[in-house]
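J.: Before I ask anything, here is the structure I am working with.
Any read-out appearing in this document is the output of simple, stated calculations on the displayed coordinates, not a laboratory observation. These numbers were taken from a predicted model, which means no experiment stands behind them. Positions of Cβ are backbone-derived with ideal geometry, glycine not excepted, and every protein chain shown enters the neighbour counts.
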Amino acid sequence: MDVMDATLKKTIGYFSGFLGSVTKTAGGNSNSTVTKLEKELVLQAKSTADLAVKEMQSLVRAGHPALKLAGLSGAAAVILGAYGAHDNVSKRKMTRHARNSTAGSVYTYHEKKRDAQQSGYGSHSQRFSKDSIKEFDCCSLTLQPCRNPVVSSDGYLYDKEAILEYYINKKKEIARQLKEYEKQNKRDENEKNELKAAAHRSQVEKFIATEKGESLPSDAKPSTSTGTLSNMADGKAKELPSFWVPAMTPDSKRVILPKPDTTIYCPVSGKVLKMKDLIDVKFTLAPNDEPGKSIISRQVRYMCPVTRDILGNSVPCVILKPTGDVVTTECYEKLIKKDMLHPLTGVKLKESDVIPVELDSRASMSNSKQLKPVLI
């Protein structure tokens, strides 16, 4: 107990000096606290407080009753908290290696990731939700389930009404562009004829003037020795040098229309689209487990007529051209491809009679890449 009392007296002496420096520093500011001045205060009294804190920690753990009698329990807690906060601040200081983390000769993976995220450059990957993916039986134009489905030779599914409307609108647009192009050609031809007529009249007038013996004005300009450098000569005095005046603004140039392309292209693939190449598609309805529910609102709508497998976005399928039946790719590879006979009608099939259906597989953005510059 005598050792504890001696240690406590020494500790009280250390803390008295430390609290004196704290009071002296914080006395000028009534709003300041030990927490705000922790770094400055601890640095000032660090030489006297290091040993005191260690001994005070041991006394606090031992629960010495003299701490409460001396009234130093609150002060000890504040000082210990300030000292611990100072230690945390010191640990968070950036070391020499951390300050030079980007001074290496190698462009690390972490730096590439960080720069790509901050600058917006580089390849980006994102997974789309289910709502953003087109269903396999939906029209590529309206994105709604097809009522009368047809497929192009490239495997893109359309609603017959939507693709017909698109085809007719394109025809009308091409006809309008052709009419404007013909007007432009006719206008250009009239201007050329007028220029030819004006040139012919000029030649006739010159010939008549020559026959009458009249002198014609010379178009030759004076040489540099006899000419003048004045900006007021040759009628230049009436010209406005102010280019910003509305009257001096240049006129808009005439737009030359190119000859329109009369070919109609597929709105998705960009290849030539012909109405005779569109094939009617016949889906096989799946068993209805929910009577009274419309086919559009059903989760499971169609199935393979051969294997009875349910069709969906993750099931590759093909269309048999002679009848328009939709079967799975697995069924075609394992059952149909060997003999090339239609499984429902027995008709002989060719390779061109099998059309793979293009599915919307944007879940991994593999079909909708947006290329951006990549940091190397």
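J.: Give me Glu214, Glu111 sorted ascending by neighbouring Cβ count inside 10 Å, so fewest comes first. Don't skip to the answer; put the middle values down first.
T.: Values: Glu214 9, Glu111 14.
With the fewest neighbours first, Glu214, Glu111 line up as Glu214, Glu111.
J.: Now for a different question. Which order do Glu194, Glu330 fall in if you start with the one that has the fewest other Cβ atoms within 10 Å?
T.: The order, fewest Cβ neighbours first, is Glu194, Glu330.
J.: Quick one: order Cys266, Cys304 by neighbouring beta-carbon count within 10 Å, fewest to most. Working shown, then result.
T.: On the way: Cys266 19, Cys304 23.
Listed from fewest to most nearby Cβ atoms, that is Cys266, Cys304.
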